[in-house]
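**Student:** Here's a structure for you.
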Amino acid sequence: AFIRPHLEQGHIVICDRYADSTMAYQGHGLGLDFDTLRTITAFATRELTPDLTLYLDVPVETGLKRRLGPSNDLGAGNSGTQLPLFDKVDRLDMKDLEYHRRVQQGYEQLRQAEPERWHRVDANRPLEQVQDDVRRKVLSVLEDRS
């Protein structure tokens, strides 16, 4: 009961993950029934759909290294900037590579199904470039709405 009231007050709401993550992780990754997941997420979100979904795309191995690895390395040319590490690892983080590949494929299918809502960001670049890409896209959407 946080998102809708804030939107109704004219605020911009940014979420780390939303209903699409349920479809990618639970549906594509774990193989749970898509119709059931759609029903649950539609009920939970009261059918609220994001105006923009940013998909930060990296190879699965890179994403896991960032999530689980001690250095949280952004790769060559990162100029010493790091993404914050998460406080703890969850049970999905510990699943095998095939699971994570299915999740990534799921995100790609979701993105292709609604390309007008999704924006793919190549997150296999230095942090500053990723931030610039995200900033440009968000500002572009906000400018289009004003």
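The values are calculated or read from the model by the stated rules, or taken from the named source; none is laboratory data. Not measured: the values here are computed from a predicted model. A quick note on method: Cβ atoms are made from the backbone with ideal geometry, for glycine too, and the neighbour counts reach across all protein chains shown. To get the accessible areas, we keep the full protein, side chains included, count just its heavy atoms, and leave off ligands, DNA and RNA. Shrake-Rupley method; radii C 1.70, N 1.55, O 1.52, S 1.80 Å.
**Student:** Identify the residue in segment 119-146 that is hydrophobic (A, V, I, L, M, F, W, C) and over 19 Å from G63 (Cα atoms) and, among all such residues, is least open to solvent (accessible area, probe 1.4 Å).
**Tutor:** The selected residue is V141.
**Student:** Residue pairs, Cβ under 8 Å, 6 or more apart or interchain, first in segment 10-26 and in contact (Cβ under 8 Å) with a residue 60 or more places away in the chain, second open to solvent by 50 Å² or more (accessible area, probe 1.4 Å) and among the basic types (K, R). List them.
**Tutor:** Correct list of pairs: M23/R38.
**Student:** So which of E108, E98 is under 18 Å from D16 (Cα atoms) and either of a type in the set (S, T, N, Q) or modelled with pLDDT of 95 or more (or both)? Walk me through it before giving the result.
**Tutor:** Numbers: E98 fails: under 18 Å from D16 (Cα atoms).
Every option except E108 fails the conditions.
Table: residues versus (1) open to solvent by 80 Å² or more (accessible area, probe 1.4 Å); (2) over 14 Å from the mean Cα position of the chain (by Cα).
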residue	(1), (2)
Y18	no, no
S21	no, no
G27	no, yes
L30	no, yes
D33	yes, yes
T36	no, yes
A42	no, yes
L48	no, yes
L52	no, no
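**Student:** Now, a different point. Kindly evaluate R67 against the criterion of being assigned to a helix (DSSP H, G or I) and at pLDDT below 95.
**Tutor:** Working: assigned to a helix (DSSP H, G or I): yes; at pLDDT below 95: yes.
It is true that R67 is assigned to a helix (DSSP H, G or I) and at pLDDT below 95.
**Student:** Would a scan of segment 125-134 turn up a residue that is at pLDDT 95 or above, of a type in the set (S, T, N, Q) and under 21 Å from D16 (Cβ atoms)?
**Tutor:** The answer is yes, given that some residue of segment 125-134 is at pLDDT 95 or above, of a type in the set (S, T, N, Q) and under 21 Å from D16 (Cβ atoms).
**Student:** Then there's this: Could you please find all residues in segment 27-64 being part of a helix (DSSP H, G or I) and closer than 28 Å to D133 by Cβ?
**Tutor:** Initial filter on segment 27-64 (part of a helix (DSSP H, G or I)): 27-29, 34-45, 60-64.
Of everything in segment 27-64, those that are part of a helix (DSSP H, G or I) and closer than 28 Å to D133 by Cβ turn out to be G27, H28, G29, T41, T45, V60, E61, T62, G63, L64.
**Student:** Tell me which residues, restricted to segment 90-118, are among the basic types (K, R), surrounded by 13 or more Cβ atoms within 10 Å (Cβ to Cβ) and either in a loop (DSSP other than H, G, I, E, B) or without any contact (Cβ under 8 Å) to a residue 40 or more places away in the chain (or both).
**Tutor:** Restricting attention to segment 90-118, the residues satisfying the condition of being among the basic types (K, R) are 91, 95, 101-102, 111, 117.
The next check asks that each one be surrounded by 13 or more Cβ atoms within 10 Å (Cβ to Cβ); those that pass are 95, 101-102, 111, 117.
Of everything in segment 90-118, those that are among the basic types (K, R), surrounded by 13 or more Cβ atoms within 10 Å (Cβ to Cβ) and either in a loop (DSSP other than H, G, I, E, B) or without any contact (Cβ under 8 Å) to a residue 40 or more places away in the chain (or both) turn out to be K95, R117.
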